[in-house]
1. By how many degrees, 0 to 90 and rounded to 10, does the Cα axis of helix B:2-13 deviate from the longest principal axis of chain B?
2. Roughly how many nanometres apart are two label points built 7 Å out from the Cα toward the Cβ at residue A:76 and residue B:221?
3. Rg and Dmax of the stretch A:170-236 over Cα atoms: what are they, in angstrom?
4. For the stretch B:177-220, what relative contact order do you get, as a whole percent, if you take Cα pairs closer than 8 Å and at least 6 residues apart?
5. With labels modelled as points extended 7 Å from the Cα through the Cβ direction, what inter-label distance (nm, one decimal) is found for residue B:30 paired with residue A:5?
6. What nm value, rounded to one decimal, do you get for the distance between residue A:26 and residue A:145 when each label is placed 7 Å out toward the C-beta?
7. Cα centroids of the stretch A:171-242 and the stretch B:51-78: how far apart, whole angstrom?
8. Ignore the peptide's own chain and count Cβ atoms of other chains within 10 Å of each Cβ in A:196-209; give me the average, rounded.
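Since every read-out is calculated from the coordinates, none of them should be taken as a lab result. Please read these numbers as outputs of a predicted model, since none were measured by experiment. For neighbour counting, all protein chains shown are included, and Cβ atoms are generated from backbone atoms with ideal geometry for every residue, glycine included.
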C-alpha cells in the first residue's frame, strides 16, 4: 500500500510547481525521491526525451540507479525505453526471467540487487515526454494501488512540465510583443525629432528615416531607437526625397 | 463552473475566428453586464497601448490612464491583482483620474490583470455608469475573460513577422503615436531627452485639462510650442 500521507503531500508539492518558480530537474528529483518514500520500491528514476527524441536521465533516487539508467540508455534496451517507445506501462517484470527481452539490461540490474522493474510513461495527449522507472528488491508483484499512485505521480509531473513549456512560450511571445510595441513607439519619436530638426512633416520624416536605414543597412527600429535616445543626431538623417524613391540615383 | 464560464465567453466570441481587440472588449462588457470595457497593453519597458475600447467612455478611461499614469489598469498590472473601485465619487484613490473619469460618465471602474502564469501583458478595465460592486459572478466572468484575452493576444502574436507586431494587433492597437511624435519634436525644441519631453506633454495636458492627443496634435501641427511653458 502506498503511504497516503506522503502521497498527498507530494501531489500538493508537485501542483505547487505549476505556480511557483519551476525547475524541471528539481521537480523530477522530487518525483523520484517521493516515489521511493511513498511506494514499495527500492529505487526510482526519471528519463525525459530531448527535442531530438533521444532519452536522457534527468533524476534518480540514488547513484546506483543513475548508473543503471545510463547503462539502459547506452544499451538502448530496458523498461524506460520500452515504456517511452510504446507509450504503455511496463509493469511487474521479473528481472531474473527477462534476459530474453533485455539481454544486457536484465543481468546488469540483477547484479545491482534488483529483482523486478516497472516503468510508467509520462504521457500528455498523444505525446510521450519520457518515463518513470521503479525498481524493487523483491520479485513479488507491485500492488495495484502502488501502480496507480505511481502513474498519478508521473501524470502530475507531466502536466507540470507541459504547463511550464507553455509558460516559456508565453514569455517569449510577450517579450516579442513588448519589443514590437517599443519599436513602434521609438519610430514615432524618431519621426518627431527628424521632423523638428529638418522642418519636415511626419510623412517626409518617415521617408527620410526609412531611406537612411536602407542606405546604411540598419534595421528601422534600431536606427529609430538610436535617434530617440540621442546617440544619433536627427540632423544627420534628414535628406528629404520624394516618396517612392524607385529612381534612386546611384 | 470555470469551464462553464469559459464556454459561454468562447460562444460569444465564436462568430469571429480572430476577434478584434474591440470585439474582445465588447464580449467582456457583455459577459459581465458592465457599461463598457477596454484593454490596455502595458510592457515592462514602459510602453503603453490600448488594444481596444467599447465606447467613448472606455476610450476616455484608456486615454486618462495613459496621460496621468494612474488608474485601474495601471494598478492591476503593477500589483498583479484585481482592482475594484465601485464608487469613484467617494474614492480618494487616483484623484486626477477619478475626477475626470466621473465627469466622463464612469461611476465605478475595475481592473483585471491580463496574464498567463508569471507573464503580464496588461489589464482589462471595466466601467459602469452606476456605482456599485461587482457580483461574485461578474468578478469570476471577468477573470475568465482576462484569461481568454491573454491567450488571444499571445496566439495572435505567435503569427507575427519577426520583430514586428501581428497585423491584427497592429491594426487594433492605439499607441498614442501622435504623442510620441510630439515628444520627439519637443525633445529637439527644448534639447531634453524624449522621456522628459513626454512628461512635459503629459503635464501640459493635465494642467490645461485637455486630452493628451489634442495637445500632441497641436504640437505636431506647430500650433503649440511648449517653449514658453513654466
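1. Relative to chain B, helix B:2-13 is tipped by roughly 60 degrees.
2. So the label points at residue A:76 and residue B:221 sit 7.4 nm apart.
3. Rg then Dmax for the stretch A:170-236, in Å: 12.5, 43.
4. Numbers: 41 pairs, mean separation 21.4, N = 44.
Reported as a whole number, the value is 49 percent.
5. Each label point is offset 7 Å from its Cα along the Cβ direction, giving 5.4 nm.
6. 3.2
7. Using only Cα atoms, the two centres lie 27 Å from each other.
8. Values: counts 11, 4, 1, 1, 0, 3, 7, 0, 0, 3, 1, 0, 0, 0.
So the per-residue partner count for this stretch is 2.
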